[in-house]
1. Mind checking which pairs have a first residue in the range 75-100 that is on the phi > 0 side of the Ramachandran plot and a second that is part of a loop (DSSP other than H, G, I, E, B), Cβ under 9 Å, 6 or more apart or different chains?
2. What number of residues within the range 74-89 satisfy the criterion of being under 16 Å from residue 133 (Cα atoms) and in contact with a helix residue (DSSP H, G or I) (Cβ under 6 Å, 6 or more places away or on another chain)?
3. Taking residue 74, is it modelled with pLDDT of 95 or more and within 19 Å of residue 157 (Cα to Cα)?
4. Can you pull out every residue in the range 152-205 that is under 21 Å from residue 96 (Cβ atoms), modelled with pLDDT of 95 or more and part of a loop (DSSP other than H, G, I, E, B)?
5. Can you report the number of residues in the range 12-24 which are buried (at least 16 other Cβ atoms within 10 Å of the Cβ) and out of contact with any helix residue (DSSP H, G or I) (no Cβ under 8 Å at 6 or more places or on another chain)?
6. Does residue 132 satisfy the criteria of being touching a helix residue (DSSP H, G or I) at 6+ places or on another chain (Cβ under 9 Å), surrounded by fewer than 22 Cβ atoms within 10 Å (Cβ to Cβ), touching a residue at least 24 places away in the same chain (Cβ under 8 Å) and under 21 Å from residue 204 (Cα atoms)?
7. I'd like to know if the range 43-58 contains one or more residues that are touching a strand residue (DSSP E or B) at 6+ places or on another chain (Cβ under 7 Å), in a strand (DSSP E or B) and within 19 Å of residue 17 (Cα to Cα).
8. Return a yes/no flag: does the range 51-67 have any residue that is surrounded by fewer than 19 Cβ atoms within 10 Å (Cβ to Cβ), under 20 Å from residue 194 (Cβ atoms) and in contact (Cβ under 8 Å) with a residue 60 or more places away in the chain.
């Protein structure tokens, strides 16, 4: 008898396992790639990839960008961000944990699952919401495979990431988007962020 669960595409957020190698290696769902001229994002209800908005200007992602399945940025992520920044007013953004994946191979489309090796992260606060970005590379990538921790990532690449995330929502002539990056952190802190987001997910969506 056919298993009906196998007849349908898994929801990228809820139906894909984070991976057996978590926290060092995670499955990542890719929403956008560097050549995309529109911003795609996961439609949380349907699990389909949707167009969020056209990229109005030349700001394009310098890496694969997506989310870590079965994670959620809730109370634990907010508390960790408050602790690290000395604030007490930050809340979680209510989204899956974001991830940036470097690879030297051109990947022409999103809506795919890739194995990603975690090396660090960026602590971003977007309109008083914790919005961490995990930094990783594609598993077995021939160029980036020697990265072990955030100190191995060239500062020029980190600056490119920071510039993208601090400017990609800005539109000339409108009020500047309120976002800031407070820290860049290493892999062990990134593991802690992933673990907390997994706990937030399990509380939000108990099995």
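The values are calculated or read from the model by the stated rules, or taken from the named source; none is laboratory data. Because the structure is predicted, anything quoted here is derived from the model rather than measured. Methodologically, a virtual Cβ is constructed for each residue, glycine included, from the backbone with ideal geometry; neighbour enumeration extends over all protein chains shown.
1. 94/72; 94/73; 94/74
2. 4
3. On the way: modelled with pLDDT of 95 or more: yes; within 19 Å of residue 157 (Cα to Cα): no.
No: the conditions fail for residue 74.
4. 205
5. Looking only at that region, the number is 4.
6. Working: touching a helix residue (DSSP H, G or I) at 6+ places or on another chain (Cβ under 9 Å): yes; surrounded by fewer than 22 Cβ atoms within 10 Å (Cβ to Cβ): no; touching a residue at least 24 places away in the same chain (Cβ under 8 Å): yes; under 21 Å from residue 204 (Cα atoms): yes.
Considered against the rule, which asks whether it is touching a helix residue (DSSP H, G or I) at 6+ places or on another chain (Cβ under 9 Å), surrounded by fewer than 22 Cβ atoms within 10 Å (Cβ to Cβ), touching a residue at least 24 places away in the same chain (Cβ under 8 Å) and under 21 Å from residue 204 (Cα atoms), residue 132 comes out as no.
7. Residues of the range 43-58 that are touching a strand residue (DSSP E or B) at 6+ places or on another chain (Cβ under 7 Å), as a first pass: 43, 49-55.
From what's left, in a strand (DSSP E or B): 49-54.
Going one step further and asking which of them are within 19 Å of residue 17 (Cα to Cα), we end up with 49.
Yes, some residue in the range 43-58 is touching a strand residue (DSSP E or B) at 6+ places or on another chain (Cβ under 7 Å), in a strand (DSSP E or B) and within 19 Å of residue 17 (Cα to Cα).
8. Start the filter on the range 51-67 by keeping residues that are surrounded by fewer than 19 Cβ atoms within 10 Å (Cβ to Cβ), which leaves 51-60, 62.
Okay, now just the ones that are also under 20 Å from residue 194 (Cβ atoms), so none.
No: zero hits.
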